[in-house]
Every structure is written in structure tokens, then in C-alpha cells.
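Read-outs throughout are calculated quantities, based only on the coordinates presented, and are distinct from any laboratory measurement. Worth saying up front: this structure is predicted, and the values here are computed from it rather than measured. Backbone-built Cβ (ideal geometry, glycine too); neighbour counts: all protein chains shown.
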Amino acid sequence: MVQVVTTEISGRTLSIETGRVAKQAGGAVLVQYGETIVLVTVVSSNEIREGIDFLPLTVDYQEMAYAAGKIPGSFFRREIGRPSEKETLTSRLIDRPLRPLFPKGYRNETQIIATVLSVDQENDPDVLAMVGASAALEVSDIPFNGPIAGIRVGRVNGELILNPTSSQLVDSDINLIVAGSREAVVMVEGGAREASEEDLVQAVFFGHRGIQDILDLQKKLGQAVGNIKKTFACPVEDAALKARVFDLARSPLKDALGLTAKLDRQNQILAVREELVQKLSEDHPDQKKEIVKFFEELERQLIRDMIVKEKTRIGGRTYQEVRPISCEVAVLPRTHGSALFTRGETQALAVTTLGTSSDEQRIDSLNGESFKSFMLHYNFPPFSVGEARMLRGPGRREIGHGALAERALKPMLPSAEDFPYTIRIVSEILESNGSSSMATVCGASLSLMDAGVPLKSHVAGVAMGLIMEQGEVAVLTDILGDEDHSGDMDFKVTGTEQGVTALQMDIKIQGVTQEIMGQALRQARDGRLSILKLMNETIHEPRTSISDYAPKIVTIEINPDKIREVIGPGGKVIRSIVAETGAKIEVEDSGKVIIASSDSKSVDRAIAMIKEIVQEVEIGQLYLGKVIKIMDFGAFVEILPGTEGLVHISQLDNQHVKKVTDVLQEGDEVLVKVLEVDRQGKIRLSRKAALGQTLPPKC
């Protein structure tokens, strides 16, 4: 039976429908907003996947070209197998708020697929896919402690807007996606143009209030369908074994956690665990996995108790303290810009490369073809955490971290008019012990300034953590990997001295309150300012010139009517300039000409050749021209490439001239003066007026 529920958001109807399509899925909904429609399905296996200790949840968001009335641009003319960056990031957006809401111990293979069926270019399908994923779970029989909902928040002219259109986002200084349950916010992702912490808190909870109607819709839909959830009971623990693990491991594990160095601490923890497993496996030979699980539970509890009860952290830091930082720039001699940023045991090498517009990334999306002139790529090699494993392409985590850092820096970049370069930054994580994405932001900012990119201001980032235990709340600045693993929140905040440029928050508990988020943002600001101070001491403004190894790019404007002359028949003229100078030349329809080369002399030569072609005739100026045609009444002289004028027989000499050929022959070079350019563009020249004069020397 088809069920449809609707509500109004920002003057547009949001509808969720189930029962019409994909009826063999565990749950399926069509979510429509404007003319954007997303189909979301969920299926969960009836069998428990053995031998794992995590939820086997897969989320795939896919954009179909037909949704925008397009045929794919790939060689095969179909959607290619590898997801786009937008598809990967949206899959992560859906996964992150849903994963903590499955019952503890649920190990059934579960798959969510969100397929964009129609897109209207104004309403982004990403938040609809988030809503649809929760709604599909709600109408299914899969155990799920939902619903949750997602919404986008923008701010135009100081006014907060729910689900702003693509047109409105152009003028919006805030762009956040907020996901939450009835009681609290569970995820935030987005950016801002140096917004204040107070404004962001207001925006987040404005979004939380906005999702309440969407949560009501899902509840109403679930009740109408009437599906009964599968009974699921968390596996019963062996209480006696757990007590024995806690008793035997507590003291040596606590001593191991007191070690400051990550590898020393990990090695000691591993030694304690191996000794424990060996000791208990004699009495419990078939329960090694349970022993390890209880050991890890004890480790998590000890870390949390250390922070909340003993008011101390691993390494002895206070809640607000940032680890020791060092910043270096110009660490690589042949790159265009480089920086090494080290914070504690996390280290990022950021390298900037400058290119021309031909190096821009072409993106073929549902919104049409676009070009991207700023790219930040994040690499996380296995040696950064002391592991040996196969090197593969970037995974979802790497793509997500790179996108966060890119979003953080983008508001501070110069415009294309001021700096017509394509910019690529690669962040190589050389060591990792917490918040490598924030180290990437700091290193990339330093690297950009080292490359001479006119960055408006340095951008820094810091990762915040949260421990909530028995009514106690501890907000932690600059969290370690162990604190992230054992904590309740991972909240990354980036910005300048003036405000926030990007943030990303994930919650492992039911949600956070407005007070806790406000405290975390204020504490993050203090940490960020201390990091910015150290970065500015290293390099406080962009270098005045770019690297000798970077391409030199100069932009000039020419009369659009002259473009044809610069290009030449079949591109002959511009190809000859490129061949002679070695410079790259791009001519736009507006008359903008971009010349680029690693050799400044090549750029200067190309500019001179182009200017010679497009220069305009000036009345009263002298020109050395070439006689191209003799007539009875005078001679036609080419004074500029493709530009000719007439020297009448009366203007050939101070004396009377009977025949033109008595003075000039075809092919002669002759100095002439421009007397007139009429309305039709015809040029009247005089040899007589130029007699006795010489051309001024060229610069």
C-alpha cells in the first residue's frame, strides 16, 4: 500500500513516499523536494556475520546522469564504477550519523543505496538522501534507534535559511549540513566565511529546530506502514570472564597508559594483552576474541576515568593544552612551495604546485561541466602509523579529510583575477597520532604562503574531543588518537583569527547540547589562536614572488575584434607565437589573453608579439609599412599586421609626382604618417608628412 507524507520547508514541499517502488528491499522510500527526487533503499541480511567486531554497514550514494537529462561523458557512456568525490562525500554524510544508532552488537550485513533519479539544479539531493536513509530504516523491520534527519543551513544578508537553493548559496556566508535526532545534534559538516563561534552555534541549532518536522514525517510514515522490528538481543557477555580480565589487566594496563610516546604505549599495551590472553586461554581456549574485546573495553574505560575522574590526559596535558608545535617552510628545493607541520606525534608535509588554467580539474556532474582551480589531496601512507600494508588509491577517509582541509582554506584564497593560477596542494601524512586533517590545514596554509600565493590570512585547525561519564563532562583540545577512539565526539574546527572557515562534528553518543557545542567552539578558538601565533612567527605573509620553477602567468586584455588576428587562419598565428617563444597562450572570447611560461623572457616576448598584432592605429603616429599594392591614384601600405591604408599620389612627395611607381614599388618599406581614420575605418596615410622624420626607438 502506497503511503505519502509531506511538509513545507522554506516554501517548498518535502514528500516521503513508500510502497510504490523497490518493494523487495527491506525498506524503500522516494524523497522529493522541488523536482529533485532520490530513491533510498536498505537491506539487511538475516544472518549474523561471524568473526567481526564491528557493524558491517555499507552506504552508497550514486548520481545518475539521466537525473539531469544527460548522457555520461565517460568512454563507455555509462556511469563509471569509481564514485565521484561528491558521491563519496555524500556517502560519508549518510553513514556517519546513522552508524551509532544501530543496536550495540548488531552484526548483520546491511546496505543502504541512495540513487538520484531527478535533479532540478536548485535543490541538492545530498540532504534528501540522508533523510531517505533514515526513513527507509524507519519503514523496515531492521533494528534502528532512529529516526534522524538532515538539513542544510545557509545565511544570506544575515538571515538564516533552511535548505537554501544553489542560487542562494552563492551569496551565503554559511553552508552547514546538520543532522540530528529529536533530542540533540549528532553530526555537523560545512564551512563558513570567517563566521563567529556564536553565529555557528545559532546556525546549528536553527537547523536542529528545522529537522523536527522531518522527524515527525518519518514517525508518521513508520506508523502508517506498521512494520514490526526484528527482535535483536545483544549477545550475553560472560560476566565472570569479564571480571577476571578487568582484575588481571587493570594495574599493568594503567601503567602502560601512563607512557607518553605513542609507539612505546602501544607496544606495552600489546605486551599486556598478549600476556593476559596467554594466561586466560588455558581456562578459556575458545574465548580469545572475548578476552580481547573485554581488554579493549577496559582500556577505553581507564582512559575515560583518567580524564574525567583524575583530571589528567595521556602525556599529562590539561584539557585545553595543545601539544608542542614546530613549523618549517621551504623544506623542498624544487617544489613551488612546501611546509612541514609537526604537532606532537602528528606530522604533515604539505607541498604546493602552481599551474595554468590548462591544469584545472574538469568535473562532469549533474549540475553540468565545471572546472576546479584549487585542489587539496590528502595521503595517509601506512608507515605514518607504523604499519606495513598494501598501498592503494585514496579511500573514503582520505577523500573526506582532503575535502575538509580544502573547504577550510578556500575562503582565504585570492580570486582568479588577482592570481590566475591553478593551485594543487598535496598533504603527505608522515606521522599520525590524532588530527592529521587539522595538521594538513596548518601545513597547507604555510605551504601556500611559501609558494607566494596571496593568501588573505593563515588558516589553522584543531580537533576537539568530549568525554561524558556519570554526569561529568570533559571537553578536550587537540585530541590524541587514543582519546578519539575512547571519546564521545570528534569535532574539527578550522579558521583564521577572525572566524571559522570549516567544521566537522561526529558524535558517538545520542547527541550534544547547545551548551557543550558552544564550549567546544570557544575552547577550539583558543587553541586555534595559539597555533596561528606560531604559524605567523614562521611566515606571516606570502612571499613577494613565486618560485623560479613555477610558471609565470601574465594576463593582458585585447580588443575582442582582434582575436581572429591573434589566432590566425586555422590557428596558424598563435601556433607560430607558441613555437617561437615556448609560452602557453590561452585566448578567451572576452579578449582576455593568458600567457604562461617558466621563463619570464618567453612571456615578455609572447606579449610583445601579441601586442604588435593587436595594436590600434593612432592618428598622427609614424609607422614603417610595406607597400602591398600600387594603383594609379596611390599606394596601399600595410602598417600593422592585417591593417592597411592608402597613400594618395598627392601625399607621396613634396614635389609633384606623375606616376606612383616613380616613388614606390610593391614590397618597398616606407615610413608614413596617419592623417585620418574615417567612420568606416579607412586609413589615409602620408609619405610626404613623414619625410625627414624617424621612428622613436623601441623600449
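Over the Cα atoms of segment 1-122, each weighted equally, I'd like the Debye log10 I(q)/I(0) at q = 0.13, 0.17 Å⁻¹, rounded to two decimals.
-0.65, -1.03
Largest first, please: the extent of the C-alpha atoms of segment 151-236 along each principal axis, to the nearest Å.
50, 32, 18
Return the FRET efficiency for the residue pair Arg250, Lys372: r is the Cβ-Cβ distance, R0 is 51 Å, and the value is rounded to the nearest 0.05.
0.45
Report the gain in length on full extension from Ala608 to Thr544: 0.36 nm times residue separation, minus Cα-Cα distance, nm rounded to one decimal.
20.5 nm
May I ask you to evaluate 6.51 cos²θ - 1.76 cosθ + 1.60, the Karplus curve with θ = phi - 60°, for each residue of segment 401-406 and list the ³J(HN,Hα) values in order in whole Hz, giving x for glycine and proline?
With coefficients 6.51, -1.76 and 1.60, one gets 5, x, 5, 5, 5, 4 Hz.
Please list, ordered by chain and number, the residues whose modelled amide H lies under 5 Å from the amide H of Ser118; skip anything fewer than 5 residues away on the same chain.
Ile37
Taking θ as phi - 60°, what are the ³J(HN,Hα) couplings along segment 100-115 by the Karplus curve (6.51, -1.76, 1.60), each to the nearest whole Hz, with x for Gly and Pro?
After applying 6.51 cos²θ - 1.76 cosθ + 1.60, I find x, 9, 7, x, 4, x, 6, 10, 7, 4, 10, 9, 10, 10, 10, 10 Hz.
Explain nothing, just the number: dipole magnitude of segment 325-538 about its Cα centre with +1 on each Lys and Arg Cβ and -1 on each Asp and Glu Cβ, in debye rounded to the nearest 20.
440
Report the gain in length on full extension from Glu515 to Phe75: 0.36 nm times residue separation, minus Cα-Cα distance, nm rounded to one decimal.
153.2 nm
How compact is segment 552-614 by the rule of thumb for globular proteins, expressed as Cα Rg over 2.2 N^0.38 Å?
Normalised by 2.2 N^0.38 Å, the Cα Rg of segment 552-614 equals 0.98.
Give the calculated FRET efficiency between Glu282 and Ile52 to the nearest 0.05, with a Förster radius of 35 Å applied to their Cβ-Cβ distance.
0.85
Taking Rh as the Kirkwood radius computed over C-alpha pairs, what is the Stokes-Einstein D of segment 622-690 at 10 °C in a medium of viscosity 1.306 mPa s, expressed in µm² per second?
Stokes-Einstein gives a translational diffusion coefficient of 136 µm²/s.
Non-local amide H neighbours of Gly452 (under 5 Å, H modeled in plane, Pro and chain starts lacking H): which ones?
Correct list: Arg543.
At what distance in nm do the modelled label points of Arg82 and Glu638 sit from each other, each positioned 7 Å from its Cα along Cα→Cβ?
5.0
How many nm is it between the label spots at Ile630 and Lys229, if each spot is 7 Å from the Cα in line with the beta carbon?
Between Ile630 and Lys229, the simple spin-label model gives 10.2 nm.
Quick check on the chain: helices-only [θ] at 222 nm, where DSSP H runs of length 4 and up contribute -39,500 (n - 2.57) each and the sum goes over total residues. Nearest 500, please.
-9500 deg cm²/dmol
Taking 20 °C and 1.002 mPa s as the conditions, I'd like the Stokes-Einstein D for segment 3-225 in µm²/s, using the Kirkwood hydrodynamic radius from alpha carbon pairs.
Answer from the Stokes-Einstein relation: 119 µm²/s.
Pop the C-beta distance of Leu391 and Val331 into the FRET formula with R0 = 30 Å and round what comes out to the nearest 0.05.
That gives a FRET efficiency of 0.85.
Using the eigenvalues of the Cα gyration tensor, what equivalent ellipsoid semi-axes result for segment 227-283 when each is taken as the square root of five times the eigenvalue, whole Å, largest first?
31, 17, 10
Ranked by Cβ crowding within 10 angstrom, fewest neighbours first, how are Phe246, Phe383, Phe341 ordered?
Ranked by crowding around the Cβ, least crowded first: Phe383, Phe246, Phe341.
For segment 35-52, just list the computed ³J(HN,Hα) in residue order, Karplus coefficients 6.51, -1.76 and 1.60, θ = phi - 60°, integers in Hz, with x standing in for Gly and Pro.
Per residue, the Karplus-derived 3J(HN,Hα) values read 10, 8, 10, 10, 9, 10, 10, 9, 9, 10, 5, 7, 9, 6, 7, 7, x, 10 Hz.
Once the convex hull of the alpha carbons of segment 257-354 is built, what does its volume come to per residue, in cubic angstrom?
That works out to 157 Å³ per residue.
Please report Rg over Rh for the chain, where both radii come from the alpha carbon positions and Rh follows the Kirkwood definition.
My calculation puts Rg/Rh at 1.13.
Please list, in order, the residues from segment 164-197 whose amide nitrogen is less than 19 Å from a point placed 7 Å along the Cα→Cβ vector of Ala68.
Flagged as within label range: 164-171.
Going by C-beta contacts inside 10 Å, put Arg304, Arg193 in order with the fewest on the left.
The most exposed by this proxy come first: Arg193, Arg304.
Could you give the length gained on full extension between Arg679 and Lys533, defined as 0.36 nm per residue of separation minus the Cα-Cα distance, in nm?
Taking Arg679 through Lys533 to full extension adds about 46.2 nm, to one decimal.
Using alpha carbons only, how many degrees (0 to 90, rounded to 10) separate the axis of helix 514-538 from the longest principal axis of the chain?
That works out to roughly 50 degrees.
Starting with the fewest neighbours, write out Ser445, Ser437 ranked by other beta-carbon atoms found within 10 Å of each beta-carbon.
So the residues, fewest neighbours to most, are Ser437, Ser445.
Taking the Cα atoms only, what angle lies between the long axis of helix 572-581 and the longest principal axis of the chain, rounded to 10 degrees?
The angle comes out near 80 degrees.
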